[in-house]
Amino acid sequence: MLLNVENLSFFYESEKIIFNNANFSLDSGQILSIIGPNGAGKSTFLNCIVNLLQPKSGKITIEEKNISQMNAIDISKYIGYVPQIHIPTYGFLVKEYIAMGRAPKIGLFSKPSKEDYFFVEKAMEKMEISHLANKPYTEISGGERQKATIAKVLVQEPKLIILDEPTAYLDYGHQYKAIKLIKTLAEEGYAIIMTTHQPEHAILLENYTAIIDGQGEFAFGKTSTIISESLLSDLYKINIKMPFIDSLQKTIVCPID
């Protein structure tokens with residue numbers, strides 16, 4: 001098993017429980033979508049997985065290695081993390097910014113080689129941002145920065161990719177393309193964990209879904225069994241229906257007045 005999470009709990013000093021006794025495993029090629037209301041703790045959960053925050057109890061292992069006993073470089077050899085917001089601080093060219101993802105492979109103070117830039121070119125092609133290669137990272141849009149950051153993670157060659165709201169800055173068409181990309185990455189053997197405010201995205205990705213409800217509860221299961229009209233209605237405090245559309249062969253999520 002690639003990733004194993006056992007009895008994970010987290011709370012801040014106020015002692016409000018963010019999530020409690022989270023348990024799940026994830027293997028190569030599998031996708032976990034995490035949904036929940038604003039402020040429920042989805043990003044906090046991801047930060048625990050990548051060891052940026054220390055859980056109050058429980059254990060996280062990747063290929064049976066305890067995350068808490070690994071340094072940032074070692075973790076980066078296994079996990080690539082795309083945060084929800086990345087604020088540029090220096091005007092690196094986009095291709096230079098993406099090349100930084102090769103650091104775990106070449107060392108922090110080594111220069112990227114032609115081979116490294118080959119990985120950069122392939123990642124830019126996959127993210128459809130090759131035309132931005134020579135633009136300063138500070139001068140591209142939020143959505144383009146999101147794509148560049150995903151490309152930076154791809155050149156890192158991790159085994160697990162963690163995406164915090166990867167569609168947040170994308171228009172409708174690019175959201176759909178991002179979901180297709182995530183499916184493709186899973187088919188290529190990456191394990192994927194992503195947070196989303198769109199239950200439809202979890203349904204499209206199938207596989208597994210985790211619920212963080214804002215009251216400390218954590219639930220995990222097959223997407224097809226865990227996501228229901230009653231769960232979503234309770235989670236988001238609105239009436240939700242999930243009809244299956246025969247002509248589309250898809251389930252859609254509809255708020256009802």
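Normalised by the residues of the range 123-257, what does the relative contact order come to in percent, with Cα pairs under 8 Å and at least six apart?
Values: 137 pairs, mean separation 19.1, N = 135.
It comes to 14 percent, rounded to a whole number.
Roughly how big is the range 1-146's charge dipole about its Cα centre, with Cβ charges of +1 (Lys, Arg) and -1 (Asp, Glu), in debye to the nearest 20?
The calculation lands at about 160 debye.
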Filter the GluC sites (Glu not before Pro) in the range 2-37 down to the DSSP loop ones having no more than 14 other Cβ atoms within 10 Å, then list what survives.
GLU13, GLU15
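Give me the percent relative contact order of the range 142-217, please, defined on Cα pairs under 8 angstrom at least 6 residues apart. Walk me through the numbers on the way to the answer.
Working: 52 pairs, mean separation 24.2, N = 76.
Computed over the range 142-217, the figure is 32 percent.
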Roughly how tilted is helix 172-187, in degrees to the nearest 10 and between 0 and 90, from the longest Cα axis of the chain?
80
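Hey, got the dipole for the chain? About the Cα centre, +1 on K and R Cβ, -1 on D and E Cβ, debye to the nearest 20? List each step's numbers first, then the result.
Numbers: 25 positive and 29 negative charges, 116 e Å.
Dipole size: approximately 560 debye.
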Tell me, what is the percent relative contact order of the chain, built from C-alpha pairs under 8 Å that lie six or more residues apart?
26
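Please state the shape class of the range 135-195: rounded when a/c is under 1.5, otherwise prolate if a/b exceeds b/c and oblate if not, all from the C-alpha gyration tensor.
On the way: a/c = 2.14, a/b = 1.36, b/c = 1.57.
Oblate, since a/c reaches 1.5 and b/c is not below a/b.
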Counting only residues 5 or more apart in sequence or on a different chain, those whose built amide H sits under 5 Å from that of PHE218 are ASN20
Neighbour-count ranking for CYS254, CYS48 (other C-beta within 10 angstrom, fewest to most) reads CYS254, CYS48
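Which shape class, rounded, prolate or oblate, goes with the chain when its Cα gyration tensor gives a ≥ b ≥ c as root eigenvalues, a/c under 1.5 marks rounded, and past that a/b bigger than b/c marks prolate? Can you show the working numbers first?
Working: a/c = 1.86, a/b = 1.31, b/c = 1.42.
In terms of gyration-tensor shape, oblate.
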Between the alpha carbon centres of the range 65-144 and the range 199-229 the gap in Å comes to 30
For the range 32-115, what class follows from the C-alpha gyration tensor (a ≥ b ≥ c being the square roots of its eigenvalues): rounded when a/c is under 1.5, otherwise prolate if a/b is larger than b/c, else oblate?
oblate
Between the DSSP loop rule and a limit of at most 14 other Cβ atoms within 10 Å, which GluC sites (Glu not before Pro) in the range 140-231 are left?
GLU188, GLU206
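Determine, for HIS201, HIS131, HIS174, the number of other Cβ atoms within 10 Å of each Cβ, and report the residues in order from fewest to most. Don't jump to the answer; show the numbers that get you there.
Working: HIS201 22, HIS131 10, HIS174 17.
Final ranking by Cβ density, sparse to dense: HIS131, HIS174, HIS201.
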With the charge dipole of the chain built from beta-carbon charges (+1 for Lys and Arg, -1 for Asp and Glu) about the Cα centre, the Cα from THR184, LEU204, GLY36 projecting farthest to the positive end belongs to THR184
For the chain, build the charge dipole from Cβ charges (+1 Lys, Arg; -1 Asp, Glu) around the Cα centre, then report which of ASN71, ILE17, ASN4 sits farthest towards its positive end.
ASN71
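Quick note: the coordinates plus some simple rules give every number you see, no bench work behind them. Please read all numbers here as calculations on a predicted model, not as lab measurements. Counting neighbours? That spans all protein chains shown, and the Cβs are built from the backbone with ideal geometry, glycine included.
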